[in-house]
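Novice: Sharing a structure, written as structure tokens. Questions coming.
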Amino acid sequence: MGRLPIDRSVLDSALERMDIADIAQATIRQSGDIARVMETQTGMEFLHLEMGVPGLPPEKAGVEAECRALQSGVASQYPNMFGIPELKQQTSRFIRAFLDVGVAPQGCIPTVGSMQGSFTAFLLCSQLAPGKDTILFIDPGFPVQRNQVQILDIPSASFDIYEYRAEKLGPKLESYLAQGNIAAIVYSNPNNPAWICLTEDELRTIGELATRYDAIVIEDLAYLCMDFRKPLGRPFEAPYQATVARYTDNYILMISGSKIFSYAGQRIAIAAISDKLYPRHYPALKQRYGMGRLGDAYVLTFLYAASSGTSHSAQHALAAMFRAAADGQLDFVGETSEYARRARLTKEIFQRHGFRIVYDKDQDETVSDGFFYTVGYGGLSSAELLSELLLYGICAISLTSTGSRQPGIRVCVSQLNRPEQFELLETRLTAFGQNHR
């Protein structure tokens, strides 16, 4: 290992080379690239805590099903825009098995990852009714979704949930909805980056207000059933994944294969549209696109223009994984609990060296260990902490980029695949602590 800290000129050179003026606003990919430039220049291995790449093998059921589909010749055929029948059926069953919510197969639409699902859903929701064009983010959140509305030039609003849990959430949320311009409400649960989990009471508040003000809730379930404090993941048995779908008909659920099945490379996900919302007629859609039903317009206008369908073979893979999970043959929660083990180990190291967990509570309960968590240090801002850690060979992303108003960074444990990486983290944070007393 080289001498620590790395000379600051190495970081400054990387930022200049990449034309990054404010490191606090660096994207996930940019943060990784900064570290790689510094790795090349110093010859030092960095600890990559910035990007949520699955750190587990892809599920065998999906790989085998996709190989069979390719061998059968599906690669030569355009996929049905609405999804292959088997995937639609298995998605509906999977949602019932793990959320205890009914979504008809008709509303289970495959997308090229939830990234495409949210991109097109934001555009759809912003065009449903004149004067209601703003996307409301309950922050902190997935940074790229904020980039999506910026790219699409869609107005957005946001607030940091840090100070607005439990009974404080309703008044804060209603203060935005009452303005009359909110088209959709967006959040992830469990939360990326904080790993906080909204309670059923909080989700009821969101759902009831969404109904009252006729806004659509876009619920990102990328980390479905990964609140490892609870015995989730037993098909058709309580407890179930908490969801807003129990409290409103105005919802689109984003369910991705990337993390729960470690199938990120094939870019496959589902946008599950409620049975009441899917057939709902919107005059603005009819006037603009010639079709007024929300579900049809989403598929045949927005998704069609974006990619002309979702990978045929990947749909077969996701269908097989959903089937195996609902049959009780694929314990995706047990497998992904490895991330909780890594989080426990690394949190202990960070805290022993003077760091604090920023989003540390779900009301009166300690936040779950999982794929992500957040840390802060002393009085350092997000930009200062990220910059300092890079000088010790540790890469992350700033909480600023997630919409958080709290100083700190997001830690992702998925790329800590080797025991020596935990030892390296210990060594580097020891050096960091000695120089920041």
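Novice: Criterion first (in contact with a Leu (Cβ under 7 Å, 6 or more places away or on another chain), of a type in the set (A, V, I, L, M, F, W, C) and farther than 21 Å from Arg342 by Cα) does Leu425 satisfy it? Spell out how you get there, then give the answer.
Specialist: Details: in contact with a Leu (Cβ under 7 Å, 6 or more places away or on another chain): yes; of a type in the set (A, V, I, L, M, F, W, C): yes; farther than 21 Å from Arg342 by Cα: no.
When the stated conditions are applied, Leu425 does not pass them.
Novice: Looking only at the range 26-41, how many residues end up being loosely packed, with under 15 Cβ neighbours inside 10 Å and either touching a residue at least 40 places away in the same chain (Cβ under 8 Å) or within 27 Å of the chain's Cα centre (by Cα) (or both)? Step through it out loud before you land on a result.
Specialist: Just the residues of the range 26-41 that are loosely packed, with under 15 Cβ neighbours inside 10 Å, to begin with: 29, 36, 40.
With either touching a residue at least 40 places away in the same chain (Cβ under 8 Å) or within 27 Å of the chain's Cα centre (by Cα) (or both) added as a condition, the list becomes 29, 36.
Of the residues in the range 26-41, 2 are loosely packed, with under 15 Cβ neighbours inside 10 Å and either touching a residue at least 40 places away in the same chain (Cβ under 8 Å) or within 27 Å of the chain's Cα centre (by Cα) (or both).
Novice: Of (1) open to solvent by less than 50 Å² (accessible area, probe 1.4 Å); (2) closer than 24 Å to Ile273 by Cβ; (3) not aliphatic (A, V, I, L, M), Pro130 satisfies all except one. Which?
Specialist: (1)
Novice: Within the range 233-252, is there a residue that is touching a strand residue (DSSP E or B) at 6+ places or on another chain (Cβ under 9 Å), more than 22 Å from Glu202 (Cα to Cα) and either among the charged types (D, E, K, R) or at pLDDT below 95 (or both)?
Specialist: no
Novice: Now a separate question. Right, Pro190: under 13 Å from the mean Cα position of the chain (by Cα) and part of a loop (DSSP other than H, G, I, E, B) or not?
Specialist: Numbers: under 13 Å from the mean Cα position of the chain (by Cα): yes; part of a loop (DSSP other than H, G, I, E, B): yes.
Taking the combined requirement at face value, the residue satisfies it.
Novice: Collect the residues in the range 222-231 that are touching a residue at least 24 places away in the same chain (Cβ under 8 Å) and open to solvent by 20 Å² or more (accessible area, probe 1.4 Å), keeping them in residue-number order. Outline the logic, then answer.
Specialist: Within the range 222-231, the subset touching a residue at least 24 places away in the same chain (Cβ under 8 Å) is 222-229.
Scanning the range 222-231 gives Phe228, Arg229.
Novice: Looking at the range 92-103, is at least one residue closer than 23 Å to Tyr282 by Cβ and open to solvent by less than 20 Å² (accessible area, probe 1.4 Å)?
Specialist: Yes, the range 92-103 has at least one match.
Novice: Among the residues that make up the range 359-378, is at least one of them buried (at least 24 other Cβ atoms within 10 Å of the Cβ), closer than 19 Å to Thr27 by Cβ and over 19 Å from the mean Cα position of the chain (by Cα)?
Specialist: For the range 359-378, residues buried (at least 24 other Cβ atoms within 10 Å of the Cβ), closer than 19 Å to Thr27 by Cβ and over 19 Å from the mean Cα position of the chain (by Cα): absent.
Novice: Take Ser175 and decide whether it is free of Cβ contacts under 8 Å to residues at least 40 places away in the same chain, hydroxyl-bearing (Ser, Thr, Tyr) and either open to solvent by 20 Å² or more (accessible area, probe 1.4 Å) or part of a strand (DSSP E or B) (or both). Reasoning before the result, please.
Specialist: Values: free of Cβ contacts under 8 Å to residues at least 40 places away in the same chain: yes; hydroxyl-bearing (Ser, Thr, Tyr): yes; either open to solvent by 20 Å² or more (accessible area, probe 1.4 Å) or part of a strand (DSSP E or B) (or both): yes.
Yes, satisfied.
Novice: Only helices (runs of 4 or more DSSP H) wholly contained in the range 303-366 count here; list those with 2 or more residues that are aliphatic (A, V, I, L, M).
Specialist: Working: elements: 304-307, 312-326, 332-336, 338-352.
Answer list for the range 303-366: 304-307, 312-326, 338-352.
Novice: Please state which one of Phe159, Phe236 is open to solvent by 10 Å² or more (accessible area, probe 1.4 Å) and either among the hydrophobic types (A, V, I, L, M, F, W, C) or in contact with a Pro (Cβ under 8 Å, 6 or more places away or on another chain) (or both). Write out each step before concluding.
Specialist: Details: Phe159 fails: open to solvent by 10 Å² or more (accessible area, probe 1.4 Å).
Sole residue among the options that is open to solvent by 10 Å² or more (accessible area, probe 1.4 Å) and either among the hydrophobic types (A, V, I, L, M, F, W, C) or in contact with a Pro (Cβ under 8 Å, 6 or more places away or on another chain) (or both): Phe236.
Novice: Take the conditions in contact (Cβ under 8 Å) with a residue 40 or more places away in the chain and not in a loop (DSSP other than H, G, I, E, B) and apply them to Lys259. Does it pass?
Specialist: Numbers: in contact (Cβ under 8 Å) with a residue 40 or more places away in the chain: yes; not in a loop (DSSP other than H, G, I, E, B): yes.
Judged against the criteria, Lys259 is a match.
Novice: Tell me which residues, restricted to the range 105-115, are in contact with a helix residue (DSSP H, G or I) (Cβ under 6 Å, 6 or more places away or on another chain) and surrounded by fewer than 24 Cβ atoms within 10 Å (Cβ to Cβ).
Specialist: Pro105, Val112, listed by residue number.
The values are calculated or read from the model by the stated rules, or taken from the named source; none is laboratory data. Quantities reported herein were computed from a predicted structural model and do not represent experimental measurements. Methodologically, a virtual Cβ is constructed for each residue, glycine included, from the backbone with ideal geometry; neighbour enumeration extends over all protein chains shown. For accessibility, only protein heavy atoms count, side chains too; no ligands or nucleic acids. Shrake-Rupley method; radii C 1.70, N 1.55, O 1.52, S 1.80 Å.
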